[in-house]
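What follows is a single structure, written as structure tokens, with notes after it.
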Amino acid sequence: MTGGRFDHLRLDKVCRRFGERLVLDSLDLQIAGGEFVALLGPSGCGKSTALNCIAGLLPLSAGSIWLDERRIDTLPPERRGFGMVFQNYALFPHLSVRANVGFGLRMRGVGRAETRRRVHQALELVQLTEYAARLPGQLSGGQQQRVAIARAIVIEPPLVLMDEPLSNLDAALRLEMRTEIRRLHQELGLTTIYVTHDQEEALSLADRLVVLREGVEQQVGTPEELYRAPANAYVAGFMGYRNLFPVTVTAMHGETATAAGSGIELVGLARGAAEGKPAIVAIRPEDFSVVDTAVPPGSGRLTADSAPLAAQGGANTLAVDVEVVEYHGREQAVLARLPGGLPLRIRTVARLAPGDAVTVRVPIEQVLVFAADTATAEAVAELPEFTVPSDGFGDLDGPPAGVAAGPPAGAADNRTAAP
Ligand SMILES: Nc1ncnc2c1ncn2[C@@H]1O[C@H](COP(=O)(O)OP(=O)(O)OP(=O)(O)O)[C@@H](O)[C@H]1O
Ligand SMILES: [Mg+2]
């Protein structure tokens, strides 16, 4: 089921305005045939706009889109012939599953026998053959989404566009469908552009990720590249660096930078940071280790004007007060408070309880010190999940667990990581 193969799709300085507002700003992107690319970014960053521009549902304000040597942004959607899966399924409620899936083929004038054969094959792929006669309303959300996927792939499109296809599903079904989508991609070799605001989904599904911020491309690369070397603090925030603090670089020493502010002082790897300039330190929760749980409350704290680290005899240690502990099976997700008042997120196998005063340490090579322009600082501040302590953790390795307001002893359910 792989008609209309192409070598590459190319977006050349694609712009889209709504009134005065530039929602897509010179998007350049080349996608190879057979690739699975995820567009990742928060709500309102322009993901659906980009997808709709590619599908032909929205005209471009400037720029062009090419399929190999053919310019396609001037073609109407039906002449592009891409498969589209929408967030809300968009199935015909009065048509059976079979008729929904076959709709696109009938519109294209494909004969009855051929339509029947291809619909059957598509339903087999999404494992829904026994539901062919049902109406969408008689199916679960996950089954409806599989119908929508079957409908998109049955036309054998050169390109499948998926806009947050799993966001309406519950956590377990989301994981199942994610595997399903990846399996279909591997089996059919379909080129896929997949829109999501969920970094975990993007990392697990895509060959390459494109991170967007306010319509501007921030970084393009493999999951590994983005995870290991995020280009800026914004991308880092999407790649699991849940602790992002505004600081000032107080000293540079070759590859490393000392940064202070927000009640902390840390040494980390310099990523475009310069002495005397504002910066953002980024640290993953799992990179902290608890070195001392016996610190009495109120002592050993670092403050903004505390002595240099060297004088304290321990690089990258922070004294924090534990506020909230979530049980995640082998590990705990801990929300702690820095002396300056900022929240610090930690994942640790150490057993901590609310009210504990502890010292944590992070290796220099796990601390990234990014240059902060005002826009970056504002964007970081705007991402509530990175700074607001009360909204759960949303870590890369599982659904947010219930908040345990006390030690984990006796917690029965084992919420270990998703596969
Ligand atoms: N038809 C429209 N008229 C005016 N503004 C629009 C229109 N469609 C989208 N926008 C604006 O363009 C920006 C990008 O919207 P878009 O739907 O592409 O975001 P998104 O990244 O898909 O967000 P979400 O994750 O919430 O779906 C938003 O600020 C939105 O308000
Ligand atoms: Mg959208």
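The values are calculated or read from the model by the stated rules, or taken from the named source; none is laboratory data. Please read all numbers here as calculations on a predicted model, not as lab measurements. In this analysis, Cβ positions are derived from the backbone assuming ideal geometry, glycine residues included, and neighbour counts consider all displayed protein chains.
Enumerate the pairs (first residue in segment 151-164 and closer than 19 Å to Ala32 by Cα; second residue anywhere and within 16 Å of ligand 1 (Cβ to nearest atom)) with beta-carbon separation below 6 Å, excluding pairs fewer than 6 apart on the same chain, so at least 6 apart or on different chains.
Leu161/Leu51; Leu161/Ala55; Leu161/Met84; Leu161/Ile193; Met162/Val85; Met162/Tyr194
Among Arg21, Arg10, which is the only one that is within 24 Å of the chain's Cα centre (by Cα) and either within 27 Å of Glu214 (Cα to Cα) or within 14 Å of ligand 2 (Cβ to nearest atom) (or both)?
Result: Arg10 is the single residue among Arg21, Arg10 that is within 24 Å of the chain's Cα centre (by Cα) and either within 27 Å of Glu214 (Cα to Cα) or within 14 Å of ligand 2 (Cβ to nearest atom) (or both).
For segment 152-166, enumerate the residues that are out of contact with any Phe, Trp or Tyr (no Cβ under 9 Å at 6 or more places or on another chain) and within 16 Å of ligand 1 (Cβ to nearest atom).
Leu166, the sole residue that qualifies.
Got a sec? Which helices (runs of 4 or more DSSP H) wholly within segment 1-117 have at least 2 residues that are modelled with pLDDT of 90 or more, within 16 Å of ligand 1 (Cβ to nearest atom) and of a type outside the set (Lys, Arg)?
The qualifying helices (runs of 4 or more DSSP H) are 47-55.
I want to confirm something. Restricting to segment 189-209 and keeping residues that are crowded, with 17+ Cβ neighbours inside 10 Å and more than 16 Å from the chain's Cα centre (by Cα), which single residue is nearest to Thr49 (Cα to Cα)?
Ranking the candidates gives Thr192 first.
Of the conditions (1) more than 16 Å from ligand 2 (Cβ to nearest atom); (2) buried (at least 20 other Cβ atoms within 10 Å of the Cβ); (3) closer than 21 Å to Asp207 by Cα, Val101 clears all except one; give me its number.
Evaluating Val101 over (1) more than 16 Å from ligand 2 (Cβ to nearest atom); (2) buried (at least 20 other Cβ atoms within 10 Å of the Cβ); (3) closer than 21 Å to Asp207 by Cα leaves (3) as the failure.
Can you name the residue in segment 78-92 that is away from ligand 2 (no atom under 16 Å from the Cβ) and of a type in the set (Phe, Trp, Tyr) and, of all such residues, is farthest from Leu60 (Cα to Cα)?
Going through the qualifying residues, I end up with Phe92.
Please indicate, with yes or no, whether at least one residue in segment 112-135 is more than 16 Å from ligand 2 (Cβ to nearest atom), surrounded by fewer than 14 Cβ atoms within 10 Å (Cβ to Cβ) and small (Gly, Ala, Ser).
Checked against the condition, which is being more than 16 Å from ligand 2 (Cβ to nearest atom), surrounded by fewer than 14 Cβ atoms within 10 Å (Cβ to Cβ) and small (Gly, Ala, Ser), segment 112-135 yields at least one hit.
Taking the residues in segment 192-225 that are among the acidic types (Asp, Glu) and within 12 Å of ligand 1 (Cβ to nearest atom) as candidates, determine which candidate is farthest from Leu169 (Cα to Cα).
Glu214
Against the conditions (1) of a type outside the set (Lys, Arg); (2) within 16 Å of ligand 2 (Cβ to nearest atom); (3) touching a Gly at 6+ places or on another chain (Cβ under 8 Å), where does Leu75 fall short? Just the number, please.
Exception for Leu75: condition (2).
Restricting to segment 136-168, name every residue that is aliphatic (A, V, I, L, M), within 16 Å of ligand 2 (Cβ to nearest atom) and assigned to a loop (DSSP other than H, G, I, E, B).
Leu166 - this is the single residue of segment 136-168 that is aliphatic (A, V, I, L, M), within 16 Å of ligand 2 (Cβ to nearest atom) and assigned to a loop (DSSP other than H, G, I, E, B).
Report every pair of residues separated by at least 6 positions or lying on different chains whose Cβ atoms are under 7 Å apart, first residue within segment 194-207 and part of a helix (DSSP H, G or I), second within 12 Å of ligand 1 (Cβ to nearest atom).
That search, which allows pairs on different chains as well, returns Gln199/Leu40; Ala202/Leu40; Ala202/Thr196.
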